[in-house]
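Heads up: the structure comes next, in structure tokens.
The values are calculated or read from the model by the stated rules, or taken from the named source; none is laboratory data. None of these values were measured; they are calculated from a predicted model. Every residue, glycine among them, receives a Cβ derived from its backbone with ideal geometry; neighbour counts consider all protein chains shown. What goes into the accessible areas is simple: the full protein's heavy atoms, side chains included, and nothing from ligands, DNA or RNA. Shrake-Rupley method; radii C 1.70, N 1.55, O 1.52, S 1.80 Å.
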Amino acid sequence: MIRKVVILSVLLLIAGTGNLIAQTPVTEKIDRGVVALTIDGTHAYIGWRLMFSDPADIGFNVYRKEVGLSEFQKVNKDVITSSTNFIDPSVRPGIAYRYRVRSVSKGKEAETPGEATVFMLSGNQPYYSLKLRNNSRLKRVGIGDLNGDGAYDFVAQFPDFNVDPYYMPGYWVRSPEPYKLEAYTSSGQFLWQYDMGWSIETGTWYSPYMVYDVDGDGFAEIYAKAGEGDPRETDGHVLEGPEYLVKLDAKTGNIISKSDWLSKEGFLGNYNYWSRNFLTVAYLDGISPSLVMQRGTYTIIKTMALDRNLKQVWYWESTGEYDKYKGQGQHGIMQGDIDFDGKDELIIGTFALDHNGKPVWYTGLKHNDAGYLADIDPSRPGMEIFYGIESRSPKNGVCLVDAATGEIIWGFDGKTTHVHSQGMVGDIDPEFPGMECYAGEAKGGDQFFLYSADGKRLSDRDIGSLTPRPVWWDGDDLKEVDINNLLIKYRRDTIMKIEGKVVMVADIVGDWREEIITSLPGELRVYSTNIPADTRKVSLVQNRQYRLGVANASMGYFYPPQLGLKNR
């Protein structure tokens, strides 16, 4: 461990600062992500992506036409070079317009893929909607390019119902119907439905799925846990029967390959413990994505990495020499390059696995609910992890840990009962450098914790939610926060009300700001900012760690994605 820390220090000295260490960007082929939104009846907002591969001198022109009538005409006067958004002041209410963006470099204009349509309304509407054929609310959503056009499409899971395998009364209930996965294009065209079947109970921990182009063919595949037939017991439990990992075709939703899921062996027949399942993706060799599946959180943890052909790369479990790692899992998996070798490590909970499946460090903090890997404290080299520990803790139930070594940097010195749900990290307060960290107790506890990045406790009050959602929304570098469907500026006014259940916060269209994706009956709504920014930044989804964090939205708890160390 000492040698590793020395090497890390040398790397950081060479780079000058931790956030300049290069991370290979995601290479998926995405379009400009053009989005068009109504500000009022005579002004439209248009936003688009800046790419990692764009030359430094790139500028943009915006083109518009009335849907079904005119040809595209340029609407900006001068080439746009200081931002990736534009306000069009010459639209008319009640008219539908289509927008495109063309790039300009070295005086030459070029077509770029992607366009957006907006129907001009008299009022402010910072969102667009996809109408779904299913009239219920969806439970969660995954994104990926299913048809190869460069735009992110959606794979939604229905219905919005959750069975928790916890054995105490009031948690487990009989599944009312099987989950369905439904695929829609970026514009809302229905593609296919996949029935997960009665072998998969309708709960988060039984039904992980992952939308990502693992095999590199330019189309995102869908991976999911599966079974066979109807193996339910009389009371509705699924205790027996084969378990599989299946790969679904992006265009049809048909199963194109499958392999065995991780076995229940070693869990001593305990339904609650072996019913915890996860899927994620990581660049374990630093070049190509690998699929990772996991079973277990509270006792044994089994983790397996698979290649694009679903063949085992490595396997690890918390038994034998690794017995102390039992019960140290999280309700999700974090991934990122914590040791600067260009390859992703996995943060399973309160311990880390190297890219080769061998443990890197162990904290002994036990099971955590909240966990975020990011450059939380910019005064320190590398990244940190903010933890909120569910298990009763004599101290450090809320703490910050060095991501490379597992060393506890600071923590709450008192006892905690059950630090619950996802918590939050995000730079919301301009008074303190770095990200603020928030978590709170539940189920027997009543303490709340808001810390600065360097460990100063800023507040002990409940901010109104154990799952606040930080989001880059306006034009500055500070994040706003969605608290119970109100988007607020910290210590200032409410910006707007959000409708529906928030299922994801991620940069999926437009410039570097993030979208808030919500579920309403029969509708997937994408809130996107229509506030102009005077800066431009590379699209967040081209940061590898962030993109993988977006992919994680369809398994486990939803933890808003975090940027890895910046690309050069």
### Query
segment 433-479: which trypsin sites (Lys or Arg not before Pro) are DSSP loop and have at most 14 other beta-carbon atoms within 10 angstrom?
443, 456, 461
### Query
Accessible surface of residue 265 in the full protein assembly, 1.4 angstrom probe, to the nearest 10 Å²?
140
### Residue-count net charge about residue 173 - beta-carbon cut-off 11 Å; Lys, Arg +1, Asp, Glu -1
-2
### Task
Find, among the GluC sites (Glu not before Pro) in segment 430-476, those assigned to loop by DSSP (not H, G, I, E, B) with at most 11 other beta-carbon atoms within 10 angstrom.
431
### Message
Per 0.36 nm of contour for each residue apart, how much would the distance between residue 312 and residue 189 grow if the chain were fully extended, relative to their Cα-Cα spacing?
### Response
40.7 nm
### Message
Can you tally the net charge around residue 70? Count Lys and Arg as +1, Asp and Glu as -1, for every other residue whose Cβ sits under 10 Å from the Cβ of residue 70.
### Response
+1
### Task
Determine one quarter of the surface area of the Cα convex hull of segment 101-167, which equals its mean projected area, and express it in nm² to one decimal.
9.1
### Query
Carbon and sulfur atoms: what percent of the 1.4 Å accessible area of the chain do they account for?
51
### Message
Please list, ordered by chain and number, the residues whose modelled amide H lies under 5 Å from the amide H of residue 299; skip anything fewer than 5 residues away on the same chain.
### Response
327
### Message
Taking θ = phi - 60°, what integer Hz values does the Karplus form 6.51 cos²θ - 1.76 cosθ + 1.60 yield along segment 126-135, in sequence order, with x for Gly and Pro?
### Response
x, 7, 10, 10, 10, 7, 9, 6, 8, 7
### Message
On a 1.4 Å probe surface of the protein chains, which of 65, 489, 29 comes out largest in accessible area, and what is the full order?
### Response
29, 65, 489
### Task
Please work out the Kirkwood hydrodynamic radius for segment 277-350, using every pair of different C-alpha atoms, and report it in angstroms with one decimal place.
12.6
#### Entry: Under 11 Å from the residue 478 label point (7 Å along Cα→beta-carbon), backbone N, segment 412-443
427-432
### Task
May I ask for the net charge around residue 247, where only other residues with Cβ less than 14 Å from the Cβ of residue 247 are counted and Lys, Arg are +1 while Asp, Glu are -1?
-2
### Message
With angles folded into 0 to 90 degrees, how steeply does helix 2-15 sit against the dominant principal axis of the chain? Use alpha carbons for both and round to 10.
### Response
10
### Task
Can you tell me the relative contact order of segment 81-123? Whole percent, Cα pairs under 8 Å, sequence separation 6 or more.
42
### Query
What is the Å³ per residue value for the convex hull set by the Cα atoms of segment 368-502?
106
### Message
For residue 314, what residues show an amide H to amide H distance below 5 Å, using hydrogens built from the backbone and excluding near sequence neighbours?
### Response
305
### Query
So which of 225/302; 366/479; 415/456 end up more than 22 Å apart by C-alpha?
366/479
### Query
Rounded if a/c is under 1.5, else prolate if a/b is larger than b/c, else oblate: which is segment 328-378, with a ≥ b ≥ c the root eigenvalues of its Cα gyration tensor?
oblate
### Query
What percent of all Cα-Cα pairs in segment 72-219 falls in each 10 Å bin, counting up from 0?
9, 27, 26, 20, 12, 5, 1
### Task
Please turn the phi angles of segment 485-501 into ³J(HN,Hα) values with the Karplus equation 6.51 cos²θ - 1.76 cosθ + 1.60 (θ = phi - 60°), one per residue in order, whole Hz, x for glycine and proline.
6, 10, 8, 10, 8, 3, 6, 9, 7, 6, 7, 6, 9, 9, 9, x, 7
### Query
By what distance, in whole Å, do the Cα atoms of segment 406-455 stretch along each of the three principal axes, largest value first?
33, 23, 17
### Query
Relative to a virtual label point 7 Å from the Cα of residue 259 in the Cα→beta-carbon direction, which members of segment 339-368 show backbone nitrogen distances below 16 Å?
356-357
### Summary
Log10 I(q)/I(0) at q = 0.09, 0.10 Å⁻¹ for segment 409-568, from Debye over equal alpha-carbon scatterers, is -0.30, -0.38
### Task
May I ask you to give the solvent-accessible area per residue for the chain, in square angstrom, as obtained with a 1.4 angstrom probe?
39
### Message
Taking θ = phi - 60°, what integer Hz values does the Karplus form 6.51 cos²θ - 1.76 cosθ + 1.60 yield along segment 530-547, in sequence order, with x for Gly and Pro?
### Response
10, 8, x, 10, 9, 10, 9, 9, 4, 3, 5, 6, 8, 8, 4, 4, 5, 4
### Task
Kindly sort 367, 43, 420 by accessible area of their heavy atoms, largest first, with the probe set to 1.4 Å.
43, 420, 367
### Relative contact order [Cα under 8 Å, 6+ residues apart], the chain, whole percent
15
#### Entry: Amide H within-cut-off set for residue 508, under 5 Å, with H built and near neighbours excluded
515
